[in-house]
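These notes are about the structure you will find just below.
Derivation of every value follows stated rules applied to the coordinates shown; laboratory data play no part. Model, not experiment: these values are computed from the prediction. Heads up, the Cβs are rebuilt from the backbone with ideal geometry, glycines too, and the neighbour counts pull from every protein chain shown.
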Amino acid sequence: MIKEGDYLAVFNSAHRVMKAENILKSRGLSILLIPAPRQLMTDCGLALRIAPEIRDEVMKVLAEEQLLPAFVNRFSEGRYHNEQDLCGDSIP
């Protein structure tokens, strides 16, 4: 389900993650709502899987909509790595 290099965007509520999913899909972006892996501590238990090729566009849309995730992790070498630079004010 999660491939090497994929990103997981985790939100602080089920409402926010589902709203983000709807917005991104309405813009034609191919993301997938999935159960959050147990390794990632989440309040809502859901995450958006984002392919590396569309990460920047997804984050730009979420920033425009003021709907940034609580955190983003990249799956690499069998582990989830926190991508601090993807959230907050650093989005262009």
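Model label sites at I2 and L67, defined 7 Å from Cα along the beta-carbon direction, differ in position by 2.2 nm.
Between R38 and I54, the distance separating the two model label sites (each 7 Å from Cα on the Cα→Cβ line) works out to 3.0 nm.
Computed from label points 7 Å out along Cα-Cβ, the spacing between N22 and N82 is 3.1 nm.
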